[in-house]
Amino acid sequence: MQSTALTARRRRRELDELAGETVDLLVVGGGVTGTGVALDAAARGLSVALVEARDLAWGTSRWSSKLAHGGLRYLATGDVGVARESARERHVLMTRTAPHLVRALPQVLPLTPGTGRRRGLTVGIGFGLGDLLRRDAGTSSLVLPGPRLARPGEVARLVPAIARERLHGAWIAHDGQLVDDARLVVALARTAAGRGAKILTRVRATELRADGATLEDTLTGATLTVRARVVVNATGVWAGTVDPSVRLRPSRGTHVVVPAARLGSPTGALMVPVPGSGSRYVFALPAQLGRVVIGLTDEEAPGPVPDVPVATQAEIDFLLETVSAVLARPLLPDDVVGTFAGLRPLVDTAGSGDGPSADVSRKHLVEVSPSTGAVNVLGGKLTTYRTMAEDAVDLAVKHAGLTAGPCWTTALPLVGAPSLAGPGSGVSTGSTSGAGGGLPESLVARYGTEAAEVLAAAVLPGSASAVGLGITGAEHLDITRAEIEWAVTHEGALDADDVLDRRTRIGLVPADRAAVRDVVEELVADSLARL
């Protein structure tokens with residue numbers, strides 16, 4: 001085992017090493033799929049390098065609803081295979097690989113005269129089928145409680161802002177919620193690094209070949225040629241720009257962010273049916289840092305792929321209006337403190353262009369490119385990243401004739417997770433301290449067993465105790481200066497944007513970002529200088 005710490009110094013050293021060696025597997029793309037591929041391959045004993053043009057979780061992987069969900073919606077559209085796979089992968093995340101990053105979230109679907117008896121019955125049947133998927137996956141009801149009907153008083157305790165007039169009760173079902181999607185990607189990358197994978201951000205692949213790639217260090221402008229026995233293209237929605245043979249049909253999912261206090265600081269997610277749809281819902285999801293995230297849309301997004309997708313006013317209005325239908329006081333545009341949008345890299349299969357993108361299958365595709373000779377891994381979704389990675393590495397090993405062990409990522413805890421593999425397995429997840437010892441609950445939620453180490457490793461003045469970064473007006477951001485240091489010394493952050501937008505998610509609210517930016521820039525500079 002090697003260190004799991006990703007640093008600027010390690011990046012420079014490993015980039016220099018890469019110029020003089022041939023790796024078994026070169027992964028292009030640092031999202032959840034690419035980092036999952038790197039971990040799977042490294043765990044099988046292959047030599048691995050991952051290159052990412054920007055930062056870990058730069059693209060779609062940071063713009064999700066942050067749910068590890070069981071695929072109930074896919075049952076409604078008849079995609080039973082994807083629904084079953086989702087439930088099984090949710091089980092793996094919640095019980096083996098990342099139980100520290102995923103919690104059970106109650107989802108509340110209010111029942112009113114407007115819901116209709118038929119709709120209420122249909123929802124109950126759907127939740128029952130979803131519970132069958134939970135049982136099939138082997139997930140205990142202690143991990144994810146089964147669905148049930150709730151009285152109005154309990155509904156109001158979970159979602160205080162709900163309109164109680166004519167509220168008969170609600171269906172309550174549980175699903176998995178990530179503390180943060182980008183944090184999952186960072187955990188995957190660090191776990192892969194601990195098994196020898198080179199994780200290289202700010203390195204762009206300018207040309208892919210069957211036996212390697214031409215790379216550019218975007219920090220220095222230097223170029224190098226890397227040799228690899230097989231290349232995996234995991235660039236998501238940008239896959240078509242790397243390989244012209246790829247056909248994708250991107251769709252845009254938009255979210256708005258409102259202060260949690262505006263909805264009474266809910267502890268459950270509000271689930272509101274989309275008018276005219278039998279399978280789509282808008283969710284109001286309680287999130288870290290005192291926020292509620294409301295989403296999401298599913299709109300066609302043809303044309304060039306933007307670096308950062310932007311929510312449209314029509315999408316924002318749609319989300320606010322849909323959720324407001326069940327609230328005591330409607331949400332107004334002034335309640336919105338942030339928005340974000342991501343592009344789903346849906347595979348454009350035969351006939352998929354004939355209907356709305358919401359109906360396009362989320363099943364992934366793994367194939368050898370006829371133009372580059374690389375293995376393309378396309379489509380899929382956040383919850384099923386691990387099976388996508390397994391299929392991609394299986395094909396890569398077969399295609400290149402590599403010798404590799406079997407996939408065992410279903411039993412491989414990520415950094416911060418409690419070790420479940422037992423003595424002698426070679427699995428190391430860092431500190432063994434858990435949620436006790438008076439550690440802040442939010443810190444444990446983000447770092448798991450490493451929470452105490454995050455504080456202990458801090459060396460800059462005030463880092464171990466200054467919640468809200470010690471800034472007046474930022475106290476609602478339950479983040480310490482120690483976490484900023486840790487992002488640089490262990491999580492591969494190279495500048496303040498990496499910290500604000502992907503390691504802490506402060507940047508999802510522009511006002512919060514502006515309030516703390518100067519302090520974060522200073523902490524990042526001091527931390528980099530100490531490496």
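The values are calculated or read from the model by the stated rules, or taken from the named source; none is laboratory data. Just so it is clear, the model here is predicted, and its values are computed rather than measured. Every residue, glycine among them, receives a Cβ derived from its backbone with ideal geometry; neighbour counts consider all protein chains shown. The area values use the complete protein model at the heavy-atom level, side chains included, leaving out ligands, DNA and RNA. Shrake-Rupley method; radii C 1.70, N 1.55, O 1.52, S 1.80 Å.
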Residues of segment 401-424 being touching a Pro at 6+ places or on another chain (Cβ under 8 Å) and either at pLDDT 95 or above or open to solvent by less than 30 Å² (accessible area, probe 1.4 Å) (or both), in sequence order, are A417
Within segment 142-174, residues farther than 25 Å from L331 by Cα and open to solvent by less than 30 Å² (accessible area, probe 1.4 Å) come out as L144, G146
**Prompt:** Within segment 236-251, can one find any residue that is within 26 Å of the chain's Cα centre (by Cα), among the basic types (K, R) and open to solvent by less than 30 Å² (accessible area, probe 1.4 Å)?
**Reply:** yes
Residue count, segment 360-380, condition in contact (Cβ under 8 Å) with a residue 40 or more places away in the chain and open to solvent by 30 Å² or more (accessible area, probe 1.4 Å), comes to 4
*Report yes if T480 is among the β-branched types (V, I, T) and either in contact (Cβ under 8 Å) with a residue 60 or more places away in the chain or touching a Cys at 6+ places or on another chain (Cβ under 8 Å) (or both), otherwise no.*
no
Considering segment 494-509, residues that are under 16 Å from T7 (Cα atoms) and part of a helix (DSSP H, G or I), and then whichever is farthest from the chain's Cα centre (by Cα), we arrive at A496
- Message: Is it the case, given these coordinates, that T122 is of a type outside the set (F, W, Y) and modelled with pLDDT under 95?
- Response: yes
Conditions (1) out of contact with any Lys or Arg (no Cβ under 9 Å at 6 or more places or on another chain); (2) within 21 Å of G342 (Cβ to Cβ) -> R84 fails only (2)
For helices (runs of 4 or more DSSP H) lying entirely in segment 27-141, having 3 or more residues that are surrounded by fewer than 22 Cβ atoms within 10 Å (Cβ to Cβ) and more than 23 Å from the chain's Cα centre (by Cα) picks out 117-137
Taking segment 481-493 and the residues there that are open to solvent by less than 10 Å² (accessible area, probe 1.4 Å) and among the β-branched types (V, I, T), the one that is nearest to L6 (Cα to Cα) would be V488
Counted residues in segment 327-336 being open to solvent by 90 Å² or more (accessible area, probe 1.4 Å) and either aromatic (F, W, Y) or assigned to a loop (DSSP other than H, G, I, E, B) (or both) come to 2
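Just for segment 510-531: of the residues that are in a helix (DSSP H, G or I) and in contact (Cβ under 8 Å) with a residue 60 or more places away in the chain, which one is most open to solvent (accessible area, probe 1.4 Å)?
R530
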> Can F318 be described as surrounded by fewer than 20 Cβ atoms within 10 Å (Cβ to Cβ) and of a type in the set (A, V, I, L, M, F, W, C)?
Replying inline: yes
Within segment 175-229, of all residues that are in a loop (DSSP other than H, G, I, E, B) and not hydrophobic (A, V, I, L, M, F, W, C), the one least open to solvent (accessible area, probe 1.4 Å) is D180
